[in-house]
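This report concerns only the one structure given below.
The values are calculated or read from the model by the stated rules, or taken from the named source; none is laboratory data. What you see is a predicted model; the values in this text were computed from it and never measured. Every residue, glycine as well, gets a Cβ built from its backbone with ideal geometry; the counts of neighbours run over all protein chains shown. When the accessible area is computed, the model is the full protein with side chains, heavy atoms only, and any ligands, DNA or RNA have been set aside. Shrake-Rupley method; radii C 1.70, N 1.55, O 1.52, S 1.80 Å.
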Amino acid sequence: DHVGNNFDLDNLQNQGGDDFDDLRNDLNQENELSNQMQGPGEYSGPFPDSKVAEGVQSQLIDYHNYTQQQLDKARTGLGEHGKSAKVPASSKQEEDRLYLANGFNGLLSDLIALDRALPDTRDPTCGSYRYYKELPTVSIVIPFFEEQLSALKRTVVSVINRSPKHLIKEIILVDDGSTTRPDLNYPLERWLETEAPVGRVVRLSERQGLIAARMAGAREALGDVILILDSHCEVMVNWLPPLLSPIADNYRTAVCPLIDVIKWNTFSYTIQDNGAKGGFDWHFYYKRIPLSTEETAKLPAPYPNPVMNGGLFAMSRQFFFELGGYDPGVQIWGGEQYNLSFKVWQCGGRMLDVPCSRVGHVFRGTHTNRPIAKQQNYLSKNYKRVALVWMDEYIEALYKKMPELRSLNAGDITGELAIKERLQCKSFKWFLENIATDMVKIYPPFPDPDFANGTLRNVESGQCLDTGGRTVGDPIQHPCNGGSNQKFAWCWRETIRIPNEQFCLEAAPSSGRGPTLYNCNNASPPSKQKWKYNPYTKMLMDTAKNQCLEVAPSQKLMMATCSPGLSKQQWDFKNINFD
Ligand code: UD2
Ligand code: MN
């Protein structure tokens, strides 16, 4: 496992004046502690109040609908079995128009059957799992805004065809103030009446965003469980019982299916992965973080997920409303997945990804002319609200990457703070140290400050160290151009990193060979990744073999016995900044 462990601070140097040293130090110690306590991949939720343990839910049944599977198997036609499809070339103009309006191929969606068959992308063992005979009922809430009607219908049809009928209490479609598509009005209701009477529409008078729309649906829900879907999804065979089972065990559980990819242009159905954890970097970009070897070995068992993707999840209605649902100040789109994930974990719940439950989602392409919201700067405000309420001192890590957030007025957060107080929710530090442990190794909130940074120029050749555009592999010498491939940071823990904080310069094990770039390992010196740079002799020496970086007569880089005064071993850090 070569993921940089940035919390291994056994070589801590005193950087007086750095406010976050203590924080990092604590984080490190407790991180080690939690690694010891939580065996790899072994998970016992904070609330092991399982009804199974009490013997109440002991009867298990096979929920597969084999008749439906046979019908699916026999299907032929456009896009069937998730195969890549296209529209006739003669319809190019209409195709382009509907692509821009949706961010996906709306015309192709219209041409593919609403009840098309999907490939079974589950782990093969999923076919043999049985689930509780008694499961909670579910209200499925689907917000939509200027959606392609066929995509919305296909979502509803796939839910109806692939779910045990008695478990679906209702399907609540929430129209978030769509105005441009007449077919989303009465024709939708009429279709539901005949084709899907379990469905109904709730309409908002104007666009309030997906968060408010989901809340409006959730408030109307009567089922035991609230399950949210996007308006362009297709669910996989037997997707529902595996999702409901962990909630039956413990009502303070949120669950997510694995999300498969329905391609925006061809509607082909493919997988992203067979399991990974959700996380984010400190720009709040959502990230998928690989499972450890131990966790992978336990698949397809459900595993704790620190951060949901956002659009597809289920929770017991009781727990959802105990948490107050979403922060009503989070508007339009974005950040709500952090809001809810932090709430669930910090306020006494758990969140699981359930690999035997898979749902396809149409991820939009990059070009759309979908209507923009009248609210301005909502994403930054959403982020700041989430951070102010739930992230404590770690808000500083976001400020470092997004300084504009600091002065932004995020509105009144007293309602959210009252929920946090009432439920005695845990700190964000607890969340990072116990739940998002892998994420902070890859995206440390407070990475090491640099001691020096800039280009490394060889005195003899006048050329610069250059990554050649690779993050892993052998760096080269190249005429200095000040570009991003030539930026290196010499950090106070003696690593030489490229600016993304994950890849470090590593000395070759023997002389005559060149250094390479590799994932930072933060091993203590003596180490191939720990260097000493002397600004007076200008020599750059590794601490494993005490050799110096030299430009060979061939102009290649190599490690060689250090000899002071040789210009081929002298390097200038240009734009040097001492912290
Ligand atoms: C992802 C999530 C999405 C949501 C979003 C914001 C997945 C697969 N997708 O974006 O669910 O969490 O991130 O963080 O997890 N909608 C409205 N009103 C609006 C905008 C959207 O009702 O003002 C609906 C829309 O029709 C759709 C859902 O909300 O059903 C999500 O919107 P999206 O599909 O544009 O977001 P997506 O999938 O890019
Ligand atoms: Mn979506």
Of 310, 324, 334, 329, the only residue that is in a loop (DSSP other than H, G, I, E, B), open to solvent by 10 Å² or more (accessible area, probe 1.4 Å), at positive phi and touching a residue at least 12 places away in the same chain (Cβ under 8 Å) is 324
Picking from 437, 471, 495, the residue that is open to solvent by less than 10 Å² (accessible area, probe 1.4 Å) and of a type outside the set (A, V, I, L, M) would be 495
Residue pairs within 8 Å by beta carbon, gap of at least six or interchain, first lying in the range 267-285 and basic (Lys, Arg), second in a loop (DSSP other than H, G, I, E, B), listed first then second, are 277/291; 277/305; 277/306; 277/307
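Run down 202, 225, 261, 198 and say which single residue is modelled with pLDDT of 95 or more, closer than 17 Å to residue 164 by Cα and either within 16 Å of ligand 1 (Cβ to nearest atom) or buried (at least 22 other Cβ atoms within 10 Å of the Cβ) (or both).
Working: 202 fails: closer than 17 Å to residue 164 by Cα; 261 fails: closer than 17 Å to residue 164 by Cα; 198 fails: either within 16 Å of ligand 1 (Cβ to nearest atom) or buried (at least 22 other Cβ atoms within 10 Å of the Cβ) (or both).
None of the others qualify; the one that does is 225.
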Taking the range 331-362 and keeping residues at pLDDT 95 or above and among the aromatic types (Phe, Trp, Tyr) leaves 338, 342, 345
### Task
Report yes if residue 339 is open to solvent by 60 Å² or more (accessible area, probe 1.4 Å) and either away from ligand 2 (no atom under 16 Å from the Cβ) or among the hydrophobic types (A, V, I, L, M, F, W, C) (or both), otherwise no.
no
For the range 190-216, pairs from a residue that is closer than 20 Å to residue 309 by Cα to a residue that is assigned to a helix (DSSP H, G or I), with Cβ under 7 Å and 6 or more apart or across chains, are 211/336
Taking first residues from the range 166-181 that are free of Cβ contacts under 8 Å to residues at least 60 places away in the same chain and assigned to a strand (DSSP E or B) and second residues anywhere that are among the charged types (D, E, K, R) and away from ligand 1 (no atom under 13 Å from the Cβ), the pairs with Cβ under 6 Å that are 6 or more apart or on different chains are 172/220
Exercise for review: For residue 241, state whether it is more than 16 Å from ligand 1 (Cβ to nearest atom), open to solvent by less than 10 Å² (accessible area, probe 1.4 Å) and over 16 Å from residue 154 (Cβ atoms).
Suggested key: yes
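Hand me the list of strands (runs of 3 or more DSSP E) wholly inside the range 207-269 holding 3 or more residues that are out of contact with any helix residue (DSSP H, G or I) (no Cβ under 8 Å at 6 or more places or on another chain), within 23 Å of residue 302 (Cβ to Cβ) and within 15 Å of ligand 2 (Cβ to nearest atom). Spell out the reasoning first.
On the way: elements: 225-228, 233-235, 253-262.
Output list reads 253-262.
Looking for something more than 24 Å from residue 385 (Cα to Cα) and within 16 Å of ligand 2 (Cβ to nearest atom) - is there at least one such residue anywhere in the range 272-289?
Let us first name the residues in the range 272-289 that are more than 24 Å from residue 385 (Cα to Cα), namely 272-276, 289.
Restricting the remaining residues to those that are within 16 Å of ligand 2 (Cβ to nearest atom) gives 272.
Yes: one or more hits.
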